[in-house]
Amino acid sequence: MNVTTGNVFTAAFTAPNTTNQCTGVAILIQTRAAGVNITATLQQSGVDTAATVTLSGTDIPFGLTWVYFKFPTPFTFTTT
């Protein structure tokens with residue numbers, strides 16, 4: 001099993017507008033490891049935003065699956 005412990009970035013995307021809010025992100029998880037937390041942080045213009053959430057490995061199902069990381073507070077984009 002290979003586990004990446006460093007930062008992993010997804011492809012960049014353009015915010016649709018400065019009105020809608022992002023409530024979370026869906027991440028494809030290939031496997032889980034007990035005792036390992038996964039943190040998802042939304043970046044805007046290459047800078048971490050306050051939109052971040054951490055899930056415990058025990059909260060993630062076994063096997064290849066999409067997991068939705070819901071931010072505690074929806075993020076409103078400031079630029080497009």
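The values are calculated or read from the model by the stated rules, or taken from the named source; none is laboratory data. Computed from a predicted model, the values in this text were never measured in an experiment. Methodologically, a virtual Cβ is constructed for each residue, glycine included, from the backbone with ideal geometry; neighbour enumeration extends over all protein chains shown. What goes into the accessible areas is simple: the full protein's heavy atoms, side chains included, and nothing from ligands, DNA or RNA. Shrake-Rupley method; radii C 1.70, N 1.55, O 1.52, S 1.80 Å.
Assorted remarks:
- Restricting attention to segment 15-38, the residues that are over 19 Å from residue 80 (Cβ atoms) and not in a strand (DSSP E or B) total 7.
- Counted residues, segment 39-70 - those being of a type in the set (D, E, K, R) and outside any strand (DSSP E or B): 1
- Qualifying residues in segment 71-80 (those that are outside any strand (DSSP E or B) and touching a strand residue (DSSP E or B) at 6+ places or on another chain (Cβ under 9 Å)) - the one surrounded by the fewest Cβ atoms within 10 Å (Cβ to Cβ): 79
- Beta carbons closer than 7 Å, at least 6 apart along the sequence or on distinct chains, pair a first residue in segment 34-60 that is among the acidic types (Asp, Glu) with a second that is surrounded by 12 or more Cβ atoms within 10 Å (Cβ to Cβ) for 48/41.
- Extreme residue, most open to solvent (accessible area, probe 1.4 Å), among residues of segment 11-46 that are aliphatic (A, V, I, L, M) and more than 14 Å from the chain's Cα centre (by Cα): 34
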